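The values are calculated or read from the model by the stated rules, or taken from the named source; none is laboratory data. Quick caveat: nothing in here was measured; it's all calculated off a predicted structure. A quick note on method: Cβ atoms are made from the backbone with ideal geometry, for glycine too, and the neighbour counts reach across all protein chains shown. Heads up: the accessible areas ignore ligands, DNA and RNA and are worked out on the full protein's heavy atoms, side chains in. Shrake-Rupley method; radii C 1.70, N 1.55, O 1.52, S 1.80 Å.
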Amino acid sequence: MHVPSSAAIPVFDGHNDLLMRLWLSHADEPVNAFLHGPAAGQMDLPRIRQGGFAGGLFAVWVPSMGLASREMMTKAMPTYEAFETTTPSRQEALDITLAMIATLLRIEQASQGAARLCRSAADIRRAMQDNAVAMVMHIEGAEALDADLELLDVLYAAGLRTLGPLWSRPNIFGDGVPFRFPSTPDIGNGLTEAGLRLIRACNDKRIMIDLSHMDEKGFWQTAEISHAPLVASHSNAHALCPQSRNLTDRQLAAIGETRGFVGVNFGTAFLRDDGTYGGDSSVQDIVRHVEYLLDKVGEECVGFGSDFDGTTLPPDMKDVAGLPLLVDALAARGYQRPLLEKICYGNWLRVLEETWSE
């Protein structure tokens with residue numbers, strides 16, 4: 001079988017929900033399901049190898065229905081409206097967060113070097129050189145954290161390096177932007193005083209702040225007080241898909257001004273101009289957003305934030321093994337290898353290094 005030359009470019013990706021999917025579907029043997037496959041969702045190590053996935057931000061995300069979610073979600077995925085209206089209790093969020101982090105650590109331990117928890121850009125580069133999966137611990141929605149941020153110190157010591165204070169629901173740190181179409185991102189009251197303290201604490205610890213699920217008020221509050229590059233790990237262009245989770249041109253301009261980053265989300269509801277799931281979507285819809293974002297924020301500030309295991313993909317993508325199809329589609333548009341390497345991994349490494357460096 002002919003393998004296009006662009007398929008050899010590794011991909012470092014800004015968002016996946018593998019840990020959530022393993023928690024839901026492989027409660028008994030999550031590590032084995034990941035290392036040997038087949039896992040129930042869109043990612044496992046065999047398919048990662050097939051797709052050239054070099055690593056990324058592995059999200060710890062707590063479903064809104066807390067501990068009851070495992071049984072309910074394995075039967076049928078609830079609506080986004082159900083997710084939005086129920087915030088898990090702190091104890092539920094803490095229990096699930098620790099369970100998912102334990103799975104991440106156990107994957108590293110059992111992988112015999114095939115997967116590594118990375119705490120620096122140098123760690124990521126070494127893992128990529130050694131053909132190991134570079135795993136960065138990421139919190140999506142900080143419901144497990146206390147207002148005094150004592151747990152943040154513990155999680156940082158365990159390897160946490162990026163954090164999204166909010167998912168698309170309220171918590172003690174602020175209002176996440178709910179899923180709406182068509183809608184602007186200007187829904188909610190932004191960050192609370194505790195949320196502002198969390199932003200400053202992340203700056204102090206050099207933890208990357210993820211803006212992808214913040215409402216617009218929270219975005220601008222963060223932009224005002226944070227001295228780090230502005231990063232949205234898995235969001236798209238609102239001008240192409242007026243979904244509340246996507247970024248307006250004004251937000252994109254602010255990201256570009258800080259030499260920040262936007263990771264293109266592969267979810268069809270964030271790609272299509274009609275905001276629907278599924279349909280006749282293809283990787284060309286992803287390409288369309290990549291091209292728009294490159295024009296708005298520049299070629300140093302765009303990459304991928306797939307949302308593998310957390311969203312509905314274009315049918316021709318299917319799962320992580322389909323990444324070469326996307327890289328080839330960009331190459332077919334005339335993108336030369338230096339720019340492809342920036343989009344596929346270089347821009348992520350650049351913004352993480354700038355954020356994490358003292």
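For region 173-209, a tally of residues being in contact with a strand residue (DSSP E or B) (Cβ under 7 Å, 6 or more places away or on another chain) and crowded, with 16+ Cβ neighbours inside 10 Å returns 14. Taken over region 83-125, the residue count meeting the criterion of being of a type outside the set (D, E, K, R), part of a helix (DSSP H, G or I) and farther than 15 Å from Ala158 by Cβ is 9. Run down Arg245, Arg259 and say which single residue is within 17 Å of Gly346 (Cα to Cα), in a loop (DSSP other than H, G, I, E, B), at pLDDT 95 or above and of a type in the set (Lys, Arg). Result: Arg259 is the single residue among Arg245, Arg259 that is within 17 Å of Gly346 (Cα to Cα), in a loop (DSSP other than H, G, I, E, B), at pLDDT 95 or above and of a type in the set (Lys, Arg). Scanning region 105-116 for residues that are open to solvent by 10 Å² or more (accessible area, probe 1.4 Å) and farther than 16 Å from Gly52 by Cβ yields Leu105, Arg106, Glu108, Gln109, Ala110, Ser111, Gln112, Gly113, Arg116.
Consider region 318-339 and keep the residues that are assigned to a helix (DSSP H, G or I) and not aliphatic (A, V, I, L, M). The one that is least open to solvent (accessible area, probe 1.4 Å) is Gly322.
The residue that is farthest from Val231 (Cα to Cα), counting only those in region 340-358 that are open to solvent by less than 40 Å² (accessible area, probe 1.4 Å) and out of contact with any strand residue (DSSP E or B) (no Cβ under 6 Å at 6 or more places or on another chain), is Leu340. Restricting attention to region 118-138 and to residues that are open to solvent by less than 10 Å² (accessible area, probe 1.4 Å) and not small (Gly, Ala, Ser), the residue that is nearest to the chain's Cα centre (by Cα) turns out to be His138.
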